[in-house]
Amino acid sequence: MKKIPIIMPQLGESIAEATVITFLIKEGDEVAADQDIIEVETNKATMNVSSPGRGIVRKLSAKLSESYPVGAVLGYVEVSVEEARRLGLDQPEVEHARIPANGGGDGKTGDTDRKRKVEPTVRGLPVPASAAGASYMSPRMKARMNELGLHAADLAGLAGSGAAGRVTIQDFEKFLANLEKNKLTDASTMRVAVADAMRRSWTRPLATVALPCPLEAMLAHRKVSEPKIGPALYALRALALALAENSATAGRLIGNKIVHPPSIDIGFAVEAEDGVLVPVLRNADTRPLSELAGRYNELVELARQRRLPNDATGGSIATVTNFGTFGLTWATPIPLPEQTLVLGLGAGKKVPHWDEKQKQFVPVTEANLTLSFDHRVLDGGAAGRLLARIATLLQKPEKL
Amino acid sequence: MLQTLESREKADIVSSFREQYLKAFRYMLLSRVLDEKMASLYRGGKIHGGVFLGRGQEALSVSVGLALRKGDIFSPLIRDGAGRLAFGEPVLDAVRTYLGSVIGPMRGRDGNIHRGRPREGLFAMISHLGAMISVVNGALLVRRFKKIEGVVGAACIGEGGTSTGSFHEALNQAAVERLPLVLVVANNQYAYSTPNSRQFACRDLADKAIGYGVNVHKVDGTDLEKCLHTLSDAVAQAREGGGPQMVVAQLLRLCGHGEHDDAHYITTQSKQSLFGRDCLKVAEDHLLRRAWADVAIIRKYREEIALEVEQAVALVQREPGPDPYKENWCALASRHLSERFETPDSADSP
Amino acid sequence: MSITYLEAIREAQAKALADDSRVFIYGQDIGAFGGAFKATKNLAVEFPGRVLDAPISEDAMVGAAIGAAIEGYRPIVEMQFADFSTPGFNQIINQAATLYWRTNVPCPITIRLPSGGTSGSGPFHSQSMEAIYAHYPGLIVMTPATVEDAYSMLLEAVAIDDPVIFCEHKYLYYHLKAAALPTEAMPVGKARIARPGRDLTIVAYSAMLHEALAAAEEIASDGTEIEVVDLRSIKPLDTDTVVASVARTGRLLCVGEAWPWGGVTAEVIARVATEGFDLLDAPPQRLNAKDTPIPYHPDLWSVHRPTARSIVTAARNLLRM
């Protein structure tokens, strides 16, 4: 026995559905081939749906006064194998690729689908007011720059001859051709990577504040420590404790949300060959100086040999850099693109301090603590308070 | 009784006319059964698009097909199922085109009555009424260029089609060129729902022929005998150089414009008038009255035809439709001049 | 010796008639009269019975051509003006263009459309209809701009097994002359670099080619080199040559005598934007006729469609972007 569907027939040009108004038979009835079994109505005429073959009506899924689209299955007629063969319907049904349609052959009314609301899909992307001006880059420019791995920063020195001074493709190609006339050496991968990081970081408004910090306590503590503790590590541990007290200052601003750091992981800059590596001490707020020292020295060595394991870099919320080792007293380092803060330590110098009690200048060893920060996240006041806290913590190195 | 030469000739004429009549009747019956099968397949949801029947027009149409011979040109229109069969179109062509079989003459690219075999003289109509007549004219011109004599081209049209500009231009063109065109106008009283009173204002459609300088033949479209004689006559005159011949037949469309149309606008008056008779019934009565066939023979015809049609449908139902991914999607015979517009992905993706 | 664009068309028809007995010409006033523009002058005498006068029935003319094509002949239909092809539009787009696809029987007809404006010709004797016909699948559309192309492309049109809409430009009929007929030709479907350049590409066709060349000459005086591409055929349209030119120059100006909406200029820019987006150093530009019917008065007509002057302005604007 084979079940053959009763299908809503073609009803006329531009007519998509009809309403069932009468059932001329019921389930279980015997019907002849082409016998009229269901009466349907369109806005043009009343028509009959006929049985696809001789057999027994099984399953009338259609309902009275409901509308069904052309092609919808209204029920089934069960026919004998011979009848199926006579009708040429004994071939297995071929699964045709389902083309998603708004009405369906599944008995749903066309109405529901048509009434379904269409969600607007504008993704809120900003639309340029006008694609023109000095910074306009044509599709060709963008494609060429992409091909060569260049960014707008690379073209800073290039004056454009196009409208409003924009760089045309001719200006660009001429510029490149002229470059060839100079001595060219390959930049190392490290160099290119750092260049990219700095370029990305610079897209934020960065500012720097500095605070002179007395070093005697730290220097004394260092003299008797075993193993030797680098000055940067003192600063790192002080920063870690200060951030543990208030982590918002190391948070990142994404849109209108401040993303708080998940853990106080702090990196420190190590010069290596052609660039800078930043190994990371994890959870620096939970481990005292004595515990961190061994790991710190280990990481410095690995960094110098360019053998840092993957899990020893990345994911830090701030960096400490001891530019004092170069003899520099102040600097404005640029935080990594994913960080808000970089704490700097300048060279220690003996400087005269006015001692009010002794009414004379006394020599004091101090160094500048600098904080370079993403000014979107914190202002000078907060930066200053953070530095002050670090300086205070550094006066009691035994508590670090 | 001794048959004189005269009476034998007459008997011969009658018996050959009897054969022709029987042959015509059988084609009419085949056309009617095929039509009904298509209608039932349509109601059963098996046919995509429209179904258009020739119910009520079989006598006229079959007469056109039978009057033509191999080598002639025939451009049938919507209701000329009988004429097509008489001209030699296989039953399978109709079934395949309606069911969208890729093996049919139109390969799924066009459907229902938009079918033909142009190289064999059977033109495939386009939907714009009147457009096919000048195409027949052009073909006849070429036969003339090639010095092929005795060719006739027949084009069928309804009274509605006579209102179109293309009908006018083509008939005029045929007359100016004095082509052997036989233009058969079937006035079935309704163009879709439009009655004659809204279609033309002249007293009689046949009067238009005078305006074109063309010979006209009027006939009762419900009477097979009259149709056979009239068409035979008109075709002969065209073939012998009498210029274009227009035939105007009166009959009634006995079905909807298409099977989606219930034709409620056809008046009872029309249905009950003389030209509202069913030509198939008229022909059957004629056969029986003249004793050219008996009830048994007619029943046998019906059975044979029913089987032939059923088998054709069963066969075609097993045939594949066109595969959109195997189509070359090129409308030009000059493949090298076609352009590719889709990206390679879109052509292959389901 | 010099030969005009119109004479080249006549010569091509004479050659087609002589070389192939299946060719005949059908149109109004083309027999003894030789045609409204004399494109068939004397041909009715040279080839008796093969240059036929038709009644004013463009629908029936095209229909008859299609019937002739089914029977294996290769008719040329002369429309007296492109503007008058519209009564035959149905036969062209619904019958000629679909015949092969529907029935597998090719339709080798050629329909000649005297196209484009001349001063004083007005709204119904000036139209450029190539875009409308190119829109329909199944048709080839040619727009020769030179005497040589008018000759060789018409011969190719007759030889092609598909319906060809041959848009010959009326202004070029008597104004354009060449020294001799060509002995070889670029195939249909290939565009020609009419003037090589470096700084900007102008894509043009038909009479506008000459306006574009004049504009390029003028701009060359300040050292800017404009490349001019002659499309030759609209369908098929040689996208590769156009894109390669834009690759060389980075700037595209497309010029057409027809109206802007959905015209050839729109099609060219759509293709370059799709296939050559990253080659553009400035937004692509186009210049078309004003979006009104074609005016009669010469003062109005002179600004209605692009001229060398307006092309120079548009090109200079584009260069400055």
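The values are calculated or read from the model by the stated rules, or taken from the named source; none is laboratory data. Keep in mind the model is a prediction, meaning the values are calculated, not measured. Positions of Cβ are generated from backbone atoms using ideal geometry, with glycine treated the same way; all protein chains shown enter the neighbour counts.
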Per the filter on the stretch A:374-400, residues out of contact with any Ser or Thr (no Cβ under 6 Å at 6 or more places or on another chain) and not in a helix (DSSP H, G or I) are A:His375, A:Arg376, A:Asp379, A:Gln395, A:Lys396, A:Leu400
Based on what the data block shows, is A:Thr22 modelled with pLDDT of 90 or more and polar (S, T, N, Q)?
yes
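What number of residues within the stretch A:7-32 are within 23 Å of B:Gly49 (Cα to Cα) and more than 8 Å from chain B (Cβ to nearest Cβ)? Before you say what the answer is, go through the steps one by one.
Looking only at the stretch A:7-32, we keep the residues that are within 23 Å of B:Gly49 (Cα to Cα), and these are A:7-20.
In the following step, the residues that additionally are more than 8 Å from chain B (Cβ to nearest Cβ) were identified as A:14, A:16-20.
Total satisfying the criteria: 6.
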Name the single residue that is surrounded by the most Cβ atoms within 10 Å (Cβ to Cβ) among those in the stretch A:166-220 being in a helix (DSSP H, G or I) and hydroxyl-bearing (Ser, Thr, Tyr).
A:Ser201
Name the residue, out of C:Tyr151, C:Tyr136, that is within 14 Å of another protein chain (Cβ to nearest Cβ) and within 28 Å of C:Ser245 (Cα to Cα).
C:Tyr136
Within the stretch A:68-92, restricting attention to residues that are surrounded by fewer than 21 Cβ atoms within 10 Å (Cβ to Cβ), over 24 Å from B:Leu307 (Cα atoms) and in contact with a Gly (Cβ under 7 Å, 6 or more places away or on another chain), which residue is farthest from the other protein chains (Cβ to nearest Cβ)?
A:Val73
Among (1) in a loop (DSSP other than H, G, I, E, B); (2) within 16 Å of B:Ala312 (Cα to Cα), there is one condition B:Arg107 misses while meeting the rest; what is its number?
(2)
Being farther than 21 Å from A:Leu241 by Cβ and β-branched (Val, Ile, Thr) is the filter; apply it to the stretch A:347-400 and report the residue that is surrounded by the fewest Cβ atoms within 10 Å (Cβ to Cβ).
A:Val362
Could we say that C:Ile294 is within 18 Å of C:Ala145 (Cβ to Cβ) and not hydroxyl-bearing (Ser, Thr, Tyr) here?
no
Given the residues B:Ala238, B:Ala249, which is the only one that is among the small types (Gly, Ala, Ser), under 18 Å from the mean Cα position of the chain (by Cα) and either at pLDDT 95 or above or under 30 Å from B:Phe341 (Cβ atoms) (or both)?
B:Ala249
One residue is enough: does the stretch B:156-179 have a residue meeting the conditions under 17 Å from the mean Cα position of the chain (by Cα), more than 20 Å from B:Pro118 (Cα to Cα) and hydroxyl-bearing (Ser, Thr, Tyr)?
yes
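So is B:Val184 within 13 Å of chain C (Cβ to nearest Cβ), within 15 Å of B:Asp72 (Cβ to Cβ) and of a type in the set (A, V, I, L, M, F, W, C) or not?
no
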Tell me which residues, restricted to the stretch C:52-92, are more than 7 Å from every other protein chain (Cβ to nearest Cβ) and in contact with a His (Cβ under 8 Å, 6 or more places away or on another chain).
C:Phe81, C:Asp83
Taking the stretch C:107-132 and keeping residues touching a Pro at 6+ places or on another chain (Cβ under 9 Å) and within 30 Å of B:His114 (Cα to Cα) leaves C:Cys107, C:Pro108, C:Ile109, C:Thr110, C:Ile111
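Return the residue satisfying two criteria in turn: it lies in the stretch C:217-236 and is of a type in the set (A, V, I, L, M, F, W, C) and without any contact (Cβ under 8 Å) to a residue 40 or more places away in the chain, and of such residues it is farthest from the other protein chains (Cβ to nearest Cβ). Steps first, please.
Initial filter on the stretch C:217-236 (of a type in the set (A, V, I, L, M, F, W, C)): C:219-220, C:226, C:228-229, C:231, C:234.
Remaining after also requiring without any contact (Cβ under 8 Å) to a residue 40 or more places away in the chain: C:220, C:228-229.
Details: C:Ala220: 17, C:Val228: 19, C:Val229: 17 Å.
The extreme case among them is C:Val228.
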Would you call B:Ile157 within 26 Å of B:His257 (Cβ to Cβ), facing chain C (nearest Cβ under 8 Å) and either in a helix (DSSP H, G or I) or hydrophobic (A, V, I, L, M, F, W, C) (or both)?
no
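Could you tell me which of the residues C:Gly88, C:Gly35 is modelled with pLDDT under 95 and crowded, with 19+ Cβ neighbours inside 10 Å? Steps first, please.
Values: C:Gly88 fails: modelled with pLDDT under 95.
Just a single option satisfies the conditions, and that option is C:Gly35.
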B:Glu259 passes all but one of (1) within 14 Å of chain A (Cβ to nearest Cβ); (2) at pLDDT 95 or above; (3) crowded, with 20+ Cβ neighbours inside 10 Å; which number fails?
(2)
How do the pairs read when you match residues in the stretch A:249-264 that are surrounded by 11 or more Cβ atoms within 10 Å (Cβ to Cβ) with residues anywhere that are at pLDDT below 90 and in a helix (DSSP H, G or I), using Cβ under 8 Å and keeping only pairs 6 or more apart or on different chains?
A:Ile258/A:Ala248; A:His260/A:Ser247; A:His260/A:Ala248; A:Pro261/A:Ser247; A:Ile264/A:Ser247
Exactly one condition in (1) within 14 Å of another protein chain (Cβ to nearest Cβ); (2) touching a Ser or Thr at 6+ places or on another chain (Cβ under 6 Å) is not met by B:Val282; state its number.
(1)
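Conditions tested, residue by residue: (1) closer than 16 Å to A:Thr340 by Cβ; (2) in a loop (DSSP other than H, G, I, E, B).
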site: A:Leu253; (1), (2): yes, no
site: A:Ile258; (1), (2): yes, no
site: A:Val276; (1), (2): no, no
site: A:Val280; (1), (2): yes, no
site: A:Asp285; (1), (2): no, yes
site: A:Ser290; (1), (2): no, no
site: A:Ala293; (1), (2): no, no
site: A:Ala303; (1), (2): no, no
site: A:Arg307; (1), (2): no, yes
Taking the stretch B:121-135, which residues are buried (at least 22 other Cβ atoms within 10 Å of the Cβ) and either within 7 Å of chain C (Cβ to nearest Cβ) or among the β-branched types (Val, Ile, Thr) (or both)?
B:Ala124, B:Ala131, B:Ile133, B:Ser134, B:Val135
The condition from (1) away from chain C (no Cβ under 14 Å); (2) out of contact with any helix residue (DSSP H, G or I) (no Cβ under 9 Å at 6 or more places or on another chain); (3) assigned to a helix (DSSP H, G or I); (4) not acidic (Asp, Glu) that B:Thr97 misses is numbered (1)
